[in-house]
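These notes concern the structure reproduced below.
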Amino acid sequence: MTTDVCVIIAAKNAEATIARAVASALAEPESAEVVVIDDGSSDETEAAARLADDLSGRLTIVRFESNRGPSAARNHAISISRSPVLAILDADDFFLPGRLGRLLAEDDWDFIADNIAFIDEAAATDVARKIDNFQPQPRLLGLIDFVDGNISRRGVKRGEVGFLKPLMRRDFLDRHSIRYQETLRLGEDYDLYLSALAKGARYKVIRSCGYAAIVRSNSLSGSHRTEDLKRLYEADRIILAANRLESAAEAAIRRHERHVRSRYQHRHFLDLKRERGAVAAIGYLLRQPDAVPAVTAGILADKTERFRQPRSDAPAALGGAGGLRYLLPATADGQASNR
């Protein structure tokens, strides 16, 4: 079976980091194509990406004149590429050496992801020598575990599996007509992976670490609009309507839908109060009484936030030694000596 990979990089205003991302992708022998979509940048993202070209003929750069979002950018890259395996790389992250080879050495998968090292920008230059050598310990990630790992709870670390960056087999996506939903600006990865799992995708995860993610305070995932939450819980409803699922799987998706809908209701109430006043916000609750529990719980949690211990989500802060932490925790039998 061929192991050619297309690495897809959707970029917007990423001139400071795009060259590093491109170079790391081109350094992988399995990268047959590296497709950069400049999604309406106002800086020199396109020029910076071209500076990283190794002249092997594998780099393709397409520029959108206006911003269309990461889903549209990735879908376009898929449409103009030909490799049987697809890899997503964020423009400010990079691959660690040997990543694709380690993933492709595993068999029996439609999606396969590895561990992620979260680092700060200052540690990016020499992070490869600091990465622990974890044994692969492959396991299959089921739909229920995936969905539950994408539900956050205040004061409790979630599974964070939504941050995984799997390789994907094009034939599985094509066979089931799966692409990124372009109306989503939040949770587009979650939606695509869940759509695949609902169709029976084999999603394998290994603990070897091959992806370096830069921790940043201005992450788009931390600055989403209220409307983005609405579209995300509606996406759950679309998946439920389009698939015949076992009761436990359906219940998991409904838990996620309620979780995101509650966040939307709370945010929508606060938006109304800020923009139109308390009367408009209370009017919303009178018209939508099902939103009252979510709004009440959200307000109470906001008021008591300062009395709780701060919680660090994987992309928000570093908790490991030397400014390094892993998405998947190490275990005694899964960790070898430090490189």
Leu197 vs. criteria surrounded by 23 or more Cβ atoms within 10 Å (Cβ to Cβ), out of contact with any His (no Cβ under 6 Å at 6 or more places or on another chain) and modelled with pLDDT of 95 or more: yes
Screening Phe111, Phe118, Phe95, Phe134 for residues that are among the aromatic types (Phe, Trp, Tyr) and within 19 Å of Ala11 (Cα to Cα) leaves only Phe95
If you go through segment 101-132, how many residues are at pLDDT 90 or above and polar (S, T, N, Q)? 1
Qualifying residue in segment 203-213 (condition: surrounded by 16 or more Cβ atoms within 10 Å (Cβ to Cβ), within 30 Å of Ile131 (Cα to Cα) and among the charged types (D, E, K, R)): yes
Hey, any hits in segment 298-321 for a residue that's at pLDDT 85 or above and crowded, with 16+ Cβ neighbours inside 10 Å? yes
What helices (runs of 4 or more DSSP H), lying completely within segment 108-201, carry at least 3 residues that are within 30 Å of Ala301 (Cβ to Cβ) and either assigned by TED's automatic domain parsing to the domain that holds Ser262 or in contact with a helix residue (DSSP H, G or I) (Cβ under 8 Å, 6 or more places away or on another chain) (or both)? 143-148, 188-198
For Ser71, the lone unmet condition from (1) surrounded by 17 or more Cβ atoms within 10 Å (Cβ to Cβ); (2) in contact with a strand residue (DSSP E or B) (Cβ under 7 Å, 6 or more places away or on another chain) is (2)
Filter segment 168-185 for residues that are in contact (Cβ under 8 Å) with a residue 24 or more places away in the chain and hydrophobic (A, V, I, L, M, F, W, C); which is nearest to Gly69 (Cα to Cα)? Leu184
Which helices (runs of 4 or more DSSP H) does segment 1-102 wholly contain that include 1 or more residues that are charged (D, E, K, R) and touching a residue at least 24 places away in the same chain (Cβ under 8 Å)? 18-26, 70-80
Would a scan of segment 119-141 turn up a residue that is among the hydroxyl-bearing types (Ser, Thr, Tyr) and either more than 19 Å from Ala235 (Cβ to Cβ) or without any contact (Cβ under 8 Å) to a residue 12 or more places away in the chain (or both)? yes
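Results for (1) crowded, with 16+ Cβ neighbours inside 10 Å; (2) within 19 Å of the chain's Cα centre (by Cα), shown as yes or no for each residue.
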site: Ser66; (1), (2): no, no
site: Leu86; (1), (2): yes, yes
site: Ile112; (1), (2): yes, yes
site: Ile131; (1), (2): yes, no
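The values are calculated or read from the model by the stated rules, or taken from the named source; none is laboratory data. Because the structure is predicted, anything quoted here is derived from the model rather than measured. Don't worry about glycine lacking a Cβ; one is built from the backbone with ideal geometry, like all the others, and counts go over all protein chains shown.
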